[in-house]
Structures are given as structure tokens and as C-alpha cells.
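The values are calculated or read from the model by the stated rules, or taken from the named source; none is laboratory data. In this text, all values refer to a predicted model and were calculated from it rather than measured experimentally. Because the Cβ atoms are built from the backbone with ideal geometry, glycine has one as well, and the counts that use them run over all protein chains shown. For the accessible areas, the whole protein counts, side chains as well, though only heavy atoms, and no ligand, DNA or RNA atoms are used. Shrake-Rupley method; radii C 1.70, N 1.55, O 1.52, S 1.80 Å.
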Amino acid sequence: MATAAILGCTGYTGQETLDRLLAHPQLEPIALGSDSLAGQCASTLDPRLNGDLPPFVTNAEALASGAEVVFLCLGHEAAAALEPPNAELVVDLSGAHRLRDASLYAEWYGFEHPRPGAWSYGLPELFEPEPPLVANPGCYATAALLALAPLAGVIDTGTVVVDAKSGVSGAGRNLKASSHAGFVLENLTPYRVGDHQHAPEIEQALGFPVCFVPHLLPVRRGLLATCYVHADADARALVEDTYADAPAVRLLDEGVAPDLSRVQHTDSAELAVYEDRGTGRTIVACAIDNLGKGAAGNAVQNANVALGFDETAGLRLTGVLV
């Protein structure tokens, strides 16, 4: 067993991380950080949380709890300002440590990074997390990289387009006009076109920029990235070979399309590869849950790999959702 602390436990990614720890055979949550609920019992957040869990403490107290594993589920700027604890593993679910070049934070995140440091980038199928400091990928970046990384060496890098759509929970739990029901429901809109903070993250991982356009879907959760490339090899064979032993990534049979409803509330990814008859383009589509494989599920998977646990411990990978 290893002890774990969650900072920002009452946000969407914090709650999802806690849920996975409750099902984890080797990670025991001993500190639940929340500045808004500090001093209150866990059932204040959700009546289904029983008395076996410790009460909420401030994020500072959770950080100083002595937990062996710490999950940072805070805003980007708040996570960037923290001095990492002397823990066996720290996994940051924000964007505060994803970019190796700290000078890019002013341009893409809107703040000067106060504590640049050497964090590994953890997407287990492609980039192995290296303890003690692991940066969890962004949700859009996760889907785009799972689709494109197997083809990075065989495509025309100047023509790559990533058309991505995510549920509203990707914007976080804080209230904002763009996440109100009156704006989101029965609507579909692109946003931060040419200016989204996941663009430099994707470029950093692939080694070349892509044309990336995110859209807001009128659903709670789920993300679909459709990637258009010109490939000089058998794209399906390359994708199949890359994920042959990946428990959380599934290449679908030909004729089967990725489906948000199958990946929602799970930590798995679905991939499909197509060839466009008219243009010869290769199209790779990837569906994930933005809060699962796109956030908390991948963070726990990172912890499992970094600590030598079963890679799938605590994850939601099996079952039939209806």
C-alpha cells in the first residue's frame, strides 16, 4: 500500500481521482484537500462517501500530510506556484508543468511560470512517466497524440489537422458564461481557435505543429478528436502495432466507429483509422472521456506505472455502459 493525497479534491478531476483511489487496491487516500470544504466530513461533497474517509483539510495541509503519492488537481497557476513536496510521486493534472519551455506559459496560459522545473510528461502508451514529478497531459492532447504519434514518422507534417470536440466538463467546475446551460445546450461552437493551450503541448510531443480546432459539445463529458493527415505507409498497421499491448487503448475493427457513449465514465480510448477515397487522406479518430483517460484515469495509470503497480489498478476499463 501507498498513501495518497489529493489537492483540489472537490473539482471535477479531484472527484474523479478520488473515485479511482476508492477502487484502488494499493493507493490509500489519507488527505483530501479542499480550501472550500476544509474541516467538513467527506459526505459533505457526496452523501455516498462514508465515514471511512478522512475529513477535508486545506490544500496546504494536504500537501504537508506526508503522503507518498500526491495528485495536484488545481488550477494551472495555483499548481505552478506550489513547491513540490518530498513525496515518492507527484502527479500534476493541471497544465502547469506540461511545457518544457517555461517561457511559453506567458503566451499560452497567461502567467509567468514561477517555478520551472524538470517534470516528466506521462502518457503511458507513448511517454513513460518518470518519478518523482509527472505532468499529466491535457485531454485534447491525449486524444490527438494517441491518434497521431504512431504516424509521426510517415506523414506530411505540414498538412495535419486536428478537429476536436469536448463535453462541457472540460472547462472545469468554476462558473463561467460559456458553460451555462443556456449557452451550451442545443449548441455547438468552436473556441480558442488557433490559441488553445494544448496546441504547443501537442507540438512538443510530436515535434511539429498541427492545425488544432477545439469545439464545445452540449454534453457533460466525452471527447472526440478527428485527425486528418497524408500518410506514406499503412496507417492502420502502425496504430495496431503501437497499441498491441496497451490495456487502455482499443483499435476498433474496420467498419466500427468510435463512440462517446462507450468511453464516457471510463479510462479507455477508442481509435479508428479510415482512408478518404476522394483525397487519399488518412483519417484517425480517437474517442476518450475528458475526465477519464483525458485526466484522472490517466493520472492514476501514470501512478501505477511509475510505482510498479498493475497498470490497470483502480481504472474503469471493462463493463457495458447503457
Probe radius 1.4 Å, ligands and nucleic acids ignored: give me the carbon and sulfur share of the accessible area of the range 13-158 as a rounded percent. 48
Which one, G207, G117, G51, has the greatest fluctuation when you compute a Gaussian network model over the chain with C-alpha springs under 10 angstrom? G51
Quick one: net charge around S166, please, counting Lys, Arg +1 and Asp, Glu -1 for every other residue with C-beta under 12 Å from its C-beta. +2
Which whole-number percent gives the relative contact order of the chain, counting Cα pairs below 8 Å spaced six or more residues apart? 18
Provide I202, I283 ordered by accessible surface of protein heavy atoms (probe 1.4 Å), highest first. I283, I202
Computed label-point distance, nm, for sites D253 and D52 using a 7 Å Cα→Cβ extension: 3.9
Report for the chain the percent antiparallel among DSSP-assigned beta bridges with both residues inside it, nearest 5. 45
So if I place +1 on the C-beta of Lys and Arg and -1 on the C-beta of Asp and Glu, and nothing else carries charge, what would the dipole magnitude of the range 35-174 be about its Cα centre? I want it in debye, nearest 20. 300
Restricting to Cα atoms and excluding each atom paired with itself, what does the Kirkwood estimate give for the range 23-111 in Å? 14.5
Under a 1.4 Å probe, what is the accessible area of the range 56-180 per residue, stated in Å²? 41
Per residue, in Å², the accessible surface of the range 181-286 once ligands and nucleic acids are set aside, probe 1.4 Å: 50
Under a 1.4 Å probe, counting only protein heavy atoms, S36 has an accessible area in Å², nearest 10, of 90
